[in-house]
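Chemist: Starting off with a structure, shown below.
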Amino acid sequence: MIRLFIAETTPPFADGLIFPLNPDQARYVAAVMRLGEGDEISVFNGRDGEWRGRLQSVSKKHVHVELIVQTRAQPAAGNAPKLLIALVKRARLEAIIEKATELGAGEIQLLITRRTNADHTNVARLQLIAQEAAEQTERLDVPQVLAPVKLEAHLKTAAEILIYGDEDSTHETGERTIPPMLEALSGLGEGAVSILIGPEGGFDAVERQTLSALPNAVAVNLGPRILRADTAAISALTLYQAVKGDWK
């Protein structure tokens, strides 16, 4: 059954509520999927759980939905990890947004670092990618994608536990100086956590020094190979969910 995220501007979901789909969703339902009056879809708004709805007044540009019954209640808010990701090339960044949503990231903050190649991106498009990923993976919420800010500015206000991958994790002798992520996660207490992934080329020396001086920052080793930003983000979120998140 088709699942659609309904913007939070609609009234709270309740039996019998009727509301219009936005133009893009109406076109998708009527023209692409060729559904008609009386057909049913699933809808969610991030607040009121998942509902089954019946289509009404269907045309290629306008579709209304009448809510029939709640099929899943909205779960209580948990400590979903927040992903902090430096801007990278568009295709890789879009993949990160999609996979981070699938892996349960609660929020995605875009960052500008000293080695970031771009200082802007289409946040609205990234938010749509997150929405579509949530629709396809049966999430009952959509992580917010926040506009890029400079890493230094974000670190000044970040109070949660900050886990960051540091590729400079061994001495020239090969001695490990930073714990692997699994070990670091096992030693963490409860509380909000952000996972920070740097740009292609990694953090520079100043950024690494700033991070290492933060009392709430935990450097981790993501393995013996240098990972691209998209691989690092997916790997770190997977490990977190397996040890501390909703996979355990």
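Chemist: Can you give the angle from 0 to 90° between the axis of helix 123-137 and the longest principal axis of the chain, with both taken from C-alpha atoms, to the nearest 10?
Modeler: 70 degrees
Chemist: Between Gln144 and residues 5 or more places away or on another chain, which pairs have amide H atoms under 5 Å apart, with H built 1.01 Å from N, and which residues are they?
Modeler: For Gln144, the qualifying residues are Ile108.
Chemist: So between His62 and Glu40, what do we pick up on full extension, going 0.36 nm a residue minus the alpha carbon distance?
Modeler: Answer, rounded to one decimal: 6.4 nm.
Chemist: If you put +1 on each Lys and Arg Cβ and -1 on each Asp and Glu Cβ, how big is the dipole of the stretch 1-118 around its Cα centre, in Debye rounded to 20?
Modeler: 720 debye
Chemist: Under unit Cβ charges (Lys, Arg +1; Asp, Glu -1), what dipole magnitude, rounded to 20 debye, does the stretch 1-53 have relative to its Cα centre?
Modeler: Using only the charged Cβ atoms, the result is roughly 160 debye.
Chemist: Further question: Full-extension gain between Gln136 and Asn79, please, as 0.36 nm times their residue separation minus the C-alpha to C-alpha distance.
Modeler: Full extension from Gln136 to Asn79 adds 18.3 nm.
Chemist: Set the Förster distance to 22 Å, then compute FRET efficiency between Asn117 and Arg228 from the Cβ-Cβ distance, nearest 0.05.
Modeler: It comes to 0.95.
Chemist: Next question. Could you check what % of the DSSP bridge pairs in the chain are antiparallel, to the nearest 5?
Modeler: Roughly 40 percent of the DSSP beta bridges within the chain come out antiparallel.
Chemist: Another question, then. As an exercise, use a Förster radius of 30 Å and the Cβ-Cβ distance of Ser186 and Ala213 to find the FRET efficiency, rounded to the nearest 0.05.
Modeler: 0.80
Chemist: Return the calculated 222 nm mean residue ellipticity for the chain, to the nearest 500 deg cm²/dmol, obtained by summing -39500 (n - 2.57) across DSSP H runs with n ≥ 4 and dividing by the residue count.
Modeler: Dividing the helical sum by the residues of the chain leaves -8000 deg cm²/dmol.
Chemist: With all protein chains present and a 1.4 Å probe, how do His120, His62 order by accessible area, largest first?
Modeler: Ranking His120, His62 by accessible area, largest first, yields His120, His62.
Chemist: Next question. Quick one: which of 178-184, 151-157, 194-200 comes out on top by average Cβ neighbours within 10 Å, and what's the full order, highest first?
Modeler: Order by mean packing, descending: 194-200, 178-184, 151-157.
Chemist: Sort 6-12, 158-164 by the packing proxy (mean of other Cβ within 10 Å over each peptide's residues), most packed first.
Modeler: Listed from highest to lowest mean packing, they are 158-164, 6-12.
Chemist: Determine, for each peptide in 216-226, 31-41, 102-112, the mean count of other beta carbons within 10 angstrom over its residues, then list the peptides with the highest first.
Modeler: 102-112, 216-226, 31-41
Chemist: Quick check: from the Cα gyration tensor, does the stretch 95-233 come out rounded (a/c under 1.5), prolate or oblate?
Modeler: prolate
Chemist: Pull up the cross-link candidates among the lysines for Lys99, meaning alpha carbon to alpha carbon under 17 Å and not fewer than 8 places away within one chain.
Modeler: In chain and number order, the partners are Lys82, Lys89.
Chemist: How long is the gain from Arg52 to Met1 if the chain were fully straight, where each residue apart is worth 0.36 nm and the alpha carbon distance is subtracted?
Modeler: That works out to 17.4 nm of additional length.
Chemist: Using a 7 Å offset from the Cα along the Cα-to-Cβ direction at both Gln144 and Ala31, what is the distance between the two label points in nm, to one decimal?
Modeler: Taking the two extended label points, one gets 3.2 nm.
Chemist: Right, next: Going by the alpha-carbon gyration tensor, a ≥ b ≥ c the square roots of its eigenvalues, is the chain rounded (a/c under 1.5) or, if a/c is not under 1.5, prolate (a/b greater than b/c) versus oblate?
Modeler: Prolate.
Chemist: Which of Trp51, Gln109, His64 sits farthest toward the positive end of the charge dipole of the stretch 48-121, with +1 on the Cβ of Lys and Arg and -1 on the Cβ of Asp and Glu?
Modeler: Checked the options; the winner is Gln109.
Chemist: To the nearest 20 debye, what is the magnitude of the charge dipole of the chain about its Cα centre, counting +1 on the Cβ of each Lys and Arg and -1 on the Cβ of each Asp and Glu?
Modeler: That gives a dipole near 460 debye.
The values are calculated or read from the model by the stated rules, or taken from the named source; none is laboratory data. All figures in this text were calculated on a predicted structure; none of them were measured in a lab. Neighbour counts are summed over all protein chains in view; Cβ atoms, including those assigned to glycine, are modelled from backbone coordinates with ideal geometry. Quick note on the areas: whole protein, heavy atoms, side chains included, nothing else; ligands and nucleic acids left out. Shrake-Rupley method; radii C 1.70, N 1.55, O 1.52, S 1.80 Å.
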